[in-house]
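In what follows, a structure is listed as structure tokens, so that the remarks can point back to it.
The values are calculated or read from the model by the stated rules, or taken from the named source; none is laboratory data. Just so you know, these numbers come straight off a predicted model, no measurement behind them. No Cβ is skipped: glycine too gets one built from the backbone with ideal geometry, and neighbour counts run over all protein chains shown.
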Amino acid sequence: MPVQIRKFILLTEEVLEEGGCPLPEPRRRAIAACVLKNPFAGHFEHDLAPLIEAGEALGAELAARALAALGTEADAYGKAAIVGEGGELEHAAALLHPKMGAPVRAALNGGAALIPSAKKRAGMGATIDIPLGHKDAAFVRSHFDAIELRVTDAPMAGEIVLALALAKGGRPWPRIGGLSAEEIEGHDGLR
């Protein structure tokens with residue numbers, strides 16, 4: 001069962017200064033999202049395979065769109081979904097977890113760390129904070145971040161908003177210590 005996409009959304013951000021202090025290079029972040037019809041809205045379905053398969057295809061599509069919008073390689077990522085009132089949180093989980101990560105990692109040429117995620121059920125215009133973390137090592141504190149998404153006309157009761165966020169660089173002027181990006185070993189996705 002192919003998914004029905006109502007629209008794609010693209011959001012980009014370029015931070016030039018923080019705390020009144022110019023950055024040596026801009027901090028870029030991008031969100032690629034889509035609004036899709038939820039084939040299981042309004043009824044319980046045991047087999048969520050169509051959404052799992054859709055998560056894989058949409059992971060590749062959203063990664064390509066976010067990378068193009070970012071205009072550079074990404075070193076941080078995150079994903080999120082908002083299910084309309086007619087759906088279940090498990091519908092978001094089916095899109096986000098079993099297969100979405102592999103095509104995202106393929107588009108980024110790697111990514112050993114888990115892709116941070118968020119999900120919720122809400123109505124049109126709801127916001128969601130998409131968590132961000134370094135793609136190769138979860139303990140890189142400079143990349144602990146989030147970016148907010150709001151789609152004014154989605155999700156309707158029978159829809160799902162699916163989003164992927166990518167970033168180049170951590171928070172502007174990080175200074176809380178911990179593992180730096182230069183110290184990543186890359187063996188286990190943690191350090």
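Details
- Selection from segment 129-159 of residues that are touching a strand residue (DSSP E or B) at 6+ places or on another chain (Cβ under 7 Å) and either on the phi > 0 side of the Ramachandran plot or surrounded by fewer than 21 Cβ atoms within 10 Å (Cβ to Cβ) (or both): Asp129, Pro131, Phe144, Ala146, Glu148, Leu149, Arg150, Gly158
- Output for segment 160-191, where each listed residue is modelled with pLDDT under 95 and among the small types (Gly, Ala, Ser): Gly169, Gly170, Gly177, Gly178, Ser180, Ala181, Gly186, Gly189
- Selection status of Arg121, modelled with pLDDT of 95 or more and either on the phi > 0 side of the Ramachandran plot or out of contact with any helix residue (DSSP H, G or I) (no Cβ under 7 Å at 6 or more places or on another chain) (or both): no
- Ala60 vs. criteria assigned to a helix (DSSP H, G or I) and either under 19 Å from Leu164 (Cβ atoms) or at pLDDT below 95 (or both): yes
- Restricting attention to segment 19-51 and to residues that are of a type in the set (D, E, K, R) and surrounded by 13 or more Cβ atoms within 10 Å (Cβ to Cβ), the residue that is nearest to Val104 (Cα to Cα) turns out to be Arg29.
- Within the option set Gly87, Gly78, Gly133, being in contact with a Ser or Thr (Cβ under 9 Å, 6 or more places away or on another chain), modelled with pLDDT of 95 or more and not in a helix (DSSP H, G or I) holds for one residue only, Gly78.
- Residues of segment 16-43 satisfying the condition of being assigned to a loop (DSSP other than H, G, I, E, B) and either without any contact (Cβ under 8 Å) to a residue 40 or more places away in the chain or in contact with a Ser or Thr (Cβ under 9 Å, 6 or more places away or on another chain) (or both): Gly20, Pro39, His43
- All of (1) surrounded by 23 or more Cβ atoms within 10 Å (Cβ to Cβ); (2) within 21 Å of Ile52 (Cα to Cα); (3) under 11 Å from the mean Cα position of the chain (by Cα); (4) not hydroxyl-bearing (Ser, Thr, Tyr) hold for Ala118 with one exception: (1).
- The requirement of being closer than 27 Å to His91 by Cβ, at pLDDT 90 or above and not in a loop (DSSP other than H, G, I, E, B) is not satisfied by Ala157.
- Out of Ala49, Ala41, Ala93, one residue alone is within 19 Å of the chain's Cα centre (by Cα) and of a type in the set (A, V, I, L, M). It is Ala93.
Conditions (1) without any contact (Cβ under 8 Å) to a residue 40 or more places away in the chain; (2) polar (S, T, N, Q); (3) surrounded by 21 or more Cβ atoms within 10 Å (Cβ to Cβ), marked per residue:
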residue: Leu62; (1), (2), (3): no, no, yes
residue: Ala68; (1), (2), (3): yes, no, no
residue: Ala80; (1), (2), (3): no, no, yes
residue: Val83; (1), (2), (3): no, no, yes
residue: His91; (1), (2), (3): no, no, yes
residue: Ala94; (1), (2), (3): no, no, yes
residue: Ala112; (1), (2), (3): no, no, no
residue: Ala122; (1), (2), (3): no, no, no
residue: Gly125; (1), (2), (3): yes, no, no
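- Cβ pairs under 6 Å, 6+ apart, first in segment 170-191 and over 26 Å from Glu14 (Cα atoms), second of a type in the set (Asp, Glu): Gly186/Asp136; Arg191/Glu185
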